[in-house]
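**Q** One structure, pasted below without further comment.
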Amino acid sequence: MWWSTIALEGWANLPGARYSQIAEAVRNAARHRLIVPGQRVPAERVLADLVGVSRGTVVRAFDELVTEGLLERIQGSGTYVRTRRTAGVSRHNALGASDDDVLDLSMAGPASPDELPAYDPVFTPSVLSAGGHPAGGIPALRRALAHFMSDTLAVPTDADQIFVTNGGPQSLELAWAGLALTGRNVFVACPTWPDAVTVVGQSARRVIPVRTDQFGVDIAGLQRLTRKAAPDSALLVSPTTGPTGVGLVQSRRHRLAQSLEHGAVLAVEDASDTAYLRAPDGDGGPLAALSEHVVTVGHLDQVLWSGLGIGWLRIPEPLSARFRMPEYFRGPGVGVQLLAARALTAADSDWFAGLRTRTASRRGRLIDLLRDALPPWVPQSQGHGAGIWVRLPVPEAITFAHTARRFGVAIGVGARYCVEGQHHDSIWLSAGHDDGVLDLAVDRLSAAWHEYTHRVAATV
């Protein structure tokens, strides 16, 4: 439905034969970033049924797009929005890859809008104009996010506690500005998401890293640090220890919540990853379910689709009178908010169960592929979430990332996930792509690693 009504909207009005019309509509969708590299396109027969043409028409359109390099057929996996390779350049030698050629494994969340829950994609002018453009977000999306927080994340929430943003970074910026947190000391669990590193680094008086281990945040170490800190400090934490996906175990979770009750430290948690939990009240569950001294931020990109561009902020009741919406704040457009509201409303418990199952399967597949193709790498198998944390045998992740990109894969560099710029031997890889893309990505990473190690060996 999404392909016929949004990605290929108006295809029949384009000039040329039907196969040319469909091919040009796919090109237009790529130009406008409605479809992105690495995204799987529907099977030929499925797309033919959706737009009301013969399968042969779609086959001919796809053949044209494959020839020019916009699409790529992967044997046994399907057809994907792919690279524009020149003749003679193999999958293992994608040097100088342009942005359109790159498989992006640095973005958390499902990579394809095809995996969104089924929703009504038709927005009439009356629907788009109803209610205007309120600063805190349209009521439908605020209600949907409140239900998501209450039902899926087990944090009872009213719609008026929710503020809609353009994504994770803006959610953090709004929390800092609206609660006057700028200029405070901030404790940050390490590693954490790059958004947090950037935003907090720009607004904090001092950023103090907090160690994590296989059980989550080191609570004893955090308590020692906070006892020495100014009373107006803030704590930025993820219940799942961010990119590692390791959930804060129940005992530590309760101890941390209890320590917040003294009110000396205000916690801001990124709860995006908790949608991947089997039970939100277990290890890695939101702190906001246990304490009213916790502000929650998140982004639906990590939950529904990595290209959505929607985030949120939840203010607990005791802080509602203190929160002030900055006059300059501007949230996302009404259209994308309506899309997010409908998709999130349609995401019932069965859909979230499917998300967890798909992602766990892909994480497992990615780990197996890496262990088979790149034995020196050490993927962290513990935890859950949208991807995996991988330790390399050398502290040169930044240098290797440049090589990987030339071979057509974007990866998350460990130093970007740390307020002190550590983790130079680590990378983060998204498991939000389907099996065919993950297979191809590991092929490219293996080829990139081969070139990188040979180049290093030649300099010794």
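The numbers here are math on the coordinates, done by the rules we state, and not lab data. Note that the structure is a prediction, hence the values are computed from the model and not measured. Here the Cβ positions follow ideal geometry from the backbone for every residue, glycine too, while neighbour counts run over all protein chains shown.
**Q** Return a whole-number percent for the relative contact order of the chain, with Cα pairs under 8 Å and 6 or more residues apart as the contact set.
**A** Value for the chain: 19 percent.
**Q** Taking amide H positions as placed in the peptide plane 1.01 Å from N, state which residues far from A267 in sequence (5 or more) or on other chains have amide H under 5 Å from it.
**A** L235, V295
**Q** Please give the length that would be gained between R391 and Q250 if that part of the chain were fully extended, namely 0.36 nm times their separation in residues minus their C-alpha to C-alpha distance (nm, one decimal).
**A** 48.1 nm
**Q** To continue, here is another question. Please compute the Cα-Cα pair-distance distribution of the stretch 125-347 with 5 Å bins starting at 0, giving whole percents from short to long.
**A** 1, 7, 16, 21, 21, 17, 10, 5, 2, 1, 0, 0
**Q** Considering the convex hull of the alpha carbon atoms of the stretch 2-81, report its projected area averaged over all viewing directions, in nm², one decimal.
**A** 4.8 nm²
**Q** Next question. Starting from the amide H of I208, placed 1.01 Å from N in the peptide plane, find each other amide H under 5 Å away whose residue is 5 or more places distant or on another chain.
**A** Excluding prolines and chain starts, which carry no amide H, the hits are V186, F187, V188.
**Q** When R82, R55, R322, R143 are ordered from fewest to most other Cβ atoms inside 10 Å of their Cβ, what list results?
**A** Going from sparsest to densest Cβ surroundings: R322, R55, R143, R82.
**Q** Within 10 Å of each residue's Cβ, count the other Cβ atoms and sort F329, F187, F62 from fewest upward.
**A** F329, F62, F187
**Q** Could I ask something else about it? Report the charge-dipole magnitude of the chain in Debye, nearest 20, computed about the Cα centre from +1 at each Lys and Arg Cβ and -1 at each Asp and Glu Cβ.
**A** In total the dipole reaches around 660 debye.
**Q** Also, quick follow-up: With N set to the number of residues, divide the alpha-carbon radius of gyration of the stretch 160-219 by 2.2 N^0.38 Å and report two decimals.
**A** With N residues counted in the stretch 160-219, Rg over 2.2 N^0.38 Å equals 1.21.
**Q** Give me H450, H299, H293 sorted ascending by neighbouring Cβ count inside 10 Å, so fewest comes first.
**A** Sorted ascending by nearby Cβ count, the order is H450, H293, H299.
**Q** Tell me the relative contact order for the stretch 125-347 as a rounded percent, counting alpha carbon contacts under 8 Å between residues six or more apart.
**A** 27 percent
**Q** Which one, H384, V59, F123, is farthest towards the positive end of the dipole of the chain when Lys and Arg carry +1 and Asp and Glu -1 on their Cβ?
**A** H384
**Q** Going toward the positive end of the dipole of the chain, with +1 on Lys and Arg Cβ and -1 on Asp and Glu Cβ, which of G412, L103, H423 do you reach last?
**A** Going by the charge dipole, the pick is H423.
**Q** May I ask you to derive the relative contact order of the stretch 175-224, considering only C-alpha pairs under 8 Å and at least 6 residues apart, and to give it as an integer percent?
**A** 36 percent
**Q** Let me ask something additional. What are the principal axis extents of the Cα atoms in the stretch 167-258, in Å, biggest first?
**A** Sorted largest first, the three principal extents are 32, 30, 18 Å.
**Q** Hey, another quick one. How far is it, in nm, from the label point at Q422 to the one at D372 when both lie 7 Å from their Cα along the line to the Cβ?
**A** Once both label points are built, they end up 3.5 nm from each other.
**Q** Placing unit charges on C-beta atoms (Lys and Arg positive, Asp and Glu negative, everything else neutral), compute the dipole magnitude of the stretch 2-81 about its Cα centre in debye, rounded to 20.
**A** Approximately 80 debye in magnitude.
**Q** Taking the Cα centre of the chain as the origin and placing charges on Cβ (Lys, Arg +1; Asp, Glu -1), which of N185, A12, T165 is farthest toward the positive end of the dipole?
**A** Going by the Cα projections, it comes out as N185.
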